[in-house]
Amino acid sequence: MEYLGLSNVITKLLEARSKNRLIECQRDEEAVIKQVVNATVDQDKFMICGQTAQENLYNIVHILGLVRTYSGMMKMQDNFSIDLRDPRAFSINKWGIMEFTSRFSNIPIDPRRVVLSISQHFPRNETFKPLIEFTISVYNGNSSINIAQVIGQIYKMAEELCDTHSFELKFMYSDSNTNLPIGNPNKKPKRVPKGVHKNWQPKQKSKYRVRNRDN
């Protein structure tokens, strides 16, 4: 629970309850607090002990989606993906939550299945080809797999590939090779006449012919 930060949230709840006042918190914490409160048997009973505490703790974890069935755990592994637009710490934390869920559900994780899922969720284009090849080589390897290290290596490779270009210029989040990356330096801007505002657009010719009044 400390890993997910729930211990701090519950502490805030207890302090606010004892001092009979409202507390302000971040939006994500607020969502967790609501889930914690709704998960308890008695919403007014914050101090719990013994078997009741264990049952309530299990209910909290279950409602937060941290307990899965076998099929649910398999689906969670098959849907696991890494989005390089997210910070490295976010992706590592995402993996940590799945590990946490696996332990609570008492269902082991297949690291190769997770690596294959990461590879399959990458866009199928040339910009992601080196990362896809790396994940496939890990999947086909004989050594044990550390998912956290694999995620770290993926981000490291992405940073090395972006030495000369920013991430937005290098990686295309599209399955098509014909789409240009956002802000592609090879795309020439439209020519604008000198002294004209940058938002100027050429006047379109009318499709209707104007009759001469003299005729």
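Between residues in the range 70-85 that are more than 13 Å from THR101 (Cα to Cα) and among the hydroxyl-bearing types (Ser, Thr, Tyr) and residues that are crowded, with 20+ Cβ neighbours inside 10 Å and at pLDDT 90 or above, which pairs lie under 7 Å by C-beta distance while being six or more apart or on different chains?
Here the result reads SER81/ILE118, each pair linking the range 70-85 to a residue that is crowded, with 20+ Cβ neighbours inside 10 Å and at pLDDT 90 or above.
Filter the range 96-138 for residues that are part of a helix (DSSP H, G or I) and of a type in the set (Asp, Glu); which is surrounded by the most Cβ atoms within 10 Å (Cβ to Cβ)?
GLU99
Restricting attention to the range 83-118, which residues are over 24 Å from VAL67 (Cβ atoms) and out of contact with any Phe, Trp or Tyr (no Cβ under 7 Å at 6 or more places or on another chain)?
ASP83, ARG85, ASP86, PRO87, ALA89
Go through the residues of the range 164-183 one by one and say whether even a single one is more than 23 Å from the chain's Cα centre (by Cα) and either modelled with pLDDT of 60 or more or acidic (Asp, Glu) (or both).
Scanning the range 164-183 turns up no residue that is more than 23 Å from the chain's Cα centre (by Cα) and either modelled with pLDDT of 60 or more or acidic (Asp, Glu) (or both).
The values are calculated or read from the model by the stated rules, or taken from the named source; none is laboratory data. What you are looking at is a predicted structure, and each value in this text was computed from that prediction instead of being measured. Note that each Cβ is placed from the backbone with ideal geometry, even for glycine, and that neighbours are counted across all protein chains shown.
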